Structures are given as C-alpha cells and as structure tokens.
Amino acid sequence: MTARVFLVRGLLAGLLAGLATFFVAHAVGEPSVAAAIALEGSHSEDGHNHGHSPADGHSHAEDGTVVSRHDQRTWGLLTGTVAVGTALGGVVALVAAAVAGRMRRLTLGQSTALVSAIGFVSFALVPFLKYPSTPPAVGNADTIGSRTGAYFAFLLVSVVVAVAVTVLAVRLAPRIGTYGAVVGGALAYVALMVVAGRLFPTVNEIGDFPADTLWYFRRASLIILATMWAAIGVVLTGLLLRLQSRERVVIARRELAASL
Amino acid sequence: MSVTSATPVSTPSLPTVPLRELAPWAVLFGLLAALVVFFVSADQGAISIPSGTAIHEWVHDGRHLLGYPCH
C-alpha cells in the first residue's frame, strides 16, 4: 500500500463526511443559529449588539450582509463542511498511513479507527470543552483576535500532546504491557490538558444570552463535530479494509499461480 | 478421518508505508489542509486575506457550528 491509496480514500471519506455533516448541521444546527440571530436583532436597539452593527460590516440582519442568510445556511454551510471534511479526511488518512503496521498488533482497521477516535478527542472534543462554540450574537468583536489565537494555540497543544502520548504509549507497551501503556497514555493526556486548560485564558462573553438557546446551539455543535469525525473514521476504515481484502485476494492468487 | 489443521494463530505483519515516501505527501497535503481550514475557520475574523466580509459570511454558519471563534 502506498501513501497515494491512503490519501485518495481519505479525501473520499472526508467528502462524504462533509456531506453528512452538512445535512446534520442544516437539520440540527440551523434552527439554533436562526434563533440566535433573531435574538441579536431584538437586542441591537438597546446598545447590546456586540459590535455587530452594519458600521463594521458585520450585521447578521438580512439587509446588512453581502451573502444572503439563505445562501449562508445552504451553499455556504455546505462549502464549510465539505472543505473542512475533505481536509481532515486527507490528514487522517495520511496519519493512518504512517501508523499502519507500526502500532504493535493493531490491524489496519483498528489503527485507522484509533487515529480517527484520537483525532476527534484531540482536534474537536477537548478544544470544545475549553472554548465551546458560540452562536451568533455572542462574543465581543474587539476580542476576536485574542480568542482566535487562544483557540488555535489550545488546539495545537491538544493535538501535539495527543500525538506525543500515543507515540510514547506505543514505545512503552512492550515493557509495561498494553493495559498500562493505554491507561497511562490516556491519563497523561488528560492531566496535561487539564494543566493547559488552567493556563489558557478563560473566555466568557455570554452576557445575558438565554441559556437554553446557548445549550441547544452547543449541543448541536457537538453533534455536528461528532458526525464529521465518526463519518471520516467509519468510511475511511471501511474503504481501507476493502482495499486490504482485495489486495490479499491478489496475493493469494499470485501465490497459487506460482505454486502450479 | 481426523484431519487436523494445526495452523498456528499468527498475526500476519502488516505492510507499512515507508516514512520517506509518506513525508512529501504529508507536508504538501498538511499545508493545503491548514490553508483550507484557515479560510473556513478564521479568515476575515481575526485576520483578513483578502479584506472584506464575503468569505466570512459565506462560511459563517459552518464556522459557528464547527466550533470556531467567529466574532
């Protein structure tokens, strides 16, 4: 197997994951986005528009936008989920290619599924726990720079720590056993991320935004992220297993032909 | 009558992809993926390339729902 066959399947898995994510996001997430924008509209009169006035080119109201709300929640959303899905699918596949056959006794399917699961936890779930997604109308426009920086720095720390403890666990497994290596690695990741979470600045710009709308939005966001990663993992693992069994048939035939 | 198939349960070693072969793919696609994620997740928010709001608005809902800081 070559890097190419992994990447091709990763891109395909990511594309399909992006499509699935779009349908879930459109059905589960868009009602919360619409509710938040409606709240923003009703709040903007009392000086509570969080810098979303058309003056800085950032209103969500229909008249102040370059892209209509209809396009944003259909083609725009589709662009975002498919682009991110394809990019992540390709990256996951290349990581799966790097670890295939190098994770002790894990089979191709097992190691690929593990990469997807670790990817979800370190790239989506843990960053979400520290910096949960916020609906439109939440967030101070003046702090977008520091918030974006903190989010991606925390994301980077999470992914680097996840990769490091995984490599360490695989290395240590022959000496301390698989059980000890897996539990130890997971504990090390949790401990280091708790420390990182304490060190990184806390963002709380919710204000008086309704708690129920916020919860529905964040729940939808988590479902959407889980959909994307689950779809990448399931489709990529399935495609690679099919490829593997096809290759095995070819090898078996070759051996049979050679023995005749 | 007793045909025993005493094949030992051995785990066939998986073929690995040589890291030297993988590296250029990883670098090229890694950079491309970072660029794609940047445009969906952060462009015309903290940093604007190009300036304006069209890209931000086009991917607006995806950015919010995928959990990135939006505004």
Every residue from segment A:85-111 that is at positive phi and either facing chain B (nearest Cβ under 7 Å) or within 14 Å of the chain's Cα centre (by Cα) (or both) | A:101
Can you work out which of the residues in segment A:208-239 that are among the small types (Gly, Ala, Ser) and within 14 Å of another protein chain (Cβ to nearest Cβ) is nearest to the chain's Cα centre (by Cα)?
-> A:226
Hey, could you check segment A:76-85 for residues that are touching a residue at least 40 places away in the same chain (Cβ under 8 Å) and surrounded by 23 or more Cβ atoms within 10 Å (Cβ to Cβ) and say which is farthest from residue B:17 (Cα to Cα)?
-> A:77
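So for segment A:240-254 (the condition being assigned to a helix (DSSP H, G or I), of a type in the set (S, T, N, Q) and surrounded by fewer than 16 Cβ atoms within 10 Å (Cβ to Cβ)), does at least one residue qualify?
Residues of segment A:240-254 that are assigned to a helix (DSSP H, G or I), as a first pass: A:240-254.
Those left that are additionally of a type in the set (S, T, N, Q): A:244-245.
Now restrict to residues that are surrounded by fewer than 16 Cβ atoms within 10 Å (Cβ to Cβ): A:245.
Scanning segment A:240-254, I find at least one residue that is assigned to a helix (DSSP H, G or I), of a type in the set (S, T, N, Q) and surrounded by fewer than 16 Cβ atoms within 10 Å (Cβ to Cβ), so the answer is yes.
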Residues of segment A:186-204 being over 21 Å from the mean Cα position of the chain (by Cα) and surrounded by 15 or more Cβ atoms within 10 Å (Cβ to Cβ), in sequence order, are A:188
Can you tell me which residue among A:66, A:82 is in a loop (DSSP other than H, G, I, E, B), facing chain B (nearest Cβ under 10 Å) and modelled with pLDDT of 75 or more?
-> A:66
Can you name the residue in segment A:131-155 that is surrounded by 19 or more Cβ atoms within 10 Å (Cβ to Cβ) and touching a residue at least 60 places away in the same chain (Cβ under 8 Å) and, of all such residues, is nearest to the other protein chains (Cβ to nearest Cβ)?
-> A:133
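Conditions (1) at pLDDT below 95; (2) surrounded by 14 or more Cβ atoms within 10 Å (Cβ to Cβ), marked per residue:
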site	(1), (2)
B:27	no, no
B:37	yes, yes
B:41	yes, yes
B:44	yes, yes
B:47	yes, no
B:51	yes, no
B:57	yes, yes
B:62	yes, yes
B:69	yes, yes
Near pairs, Cβ below 7 angstrom, 6+ apart or cross-chain, from segment A:231-246 (farther than 21 Å from residue A:23 by Cα) to any residue that is at pLDDT 95 or above and among the polar types (S, T, N, Q) | A:237/A:112; A:240/A:112
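The values are calculated or read from the model by the stated rules, or taken from the named source; none is laboratory data. What you are looking at is a predicted structure, and each value in this text was computed from that prediction instead of being measured. All Cβ positions, even for glycine, are placed from backbone atoms using ideal geometry, and neighbour counts span all protein chains on display.
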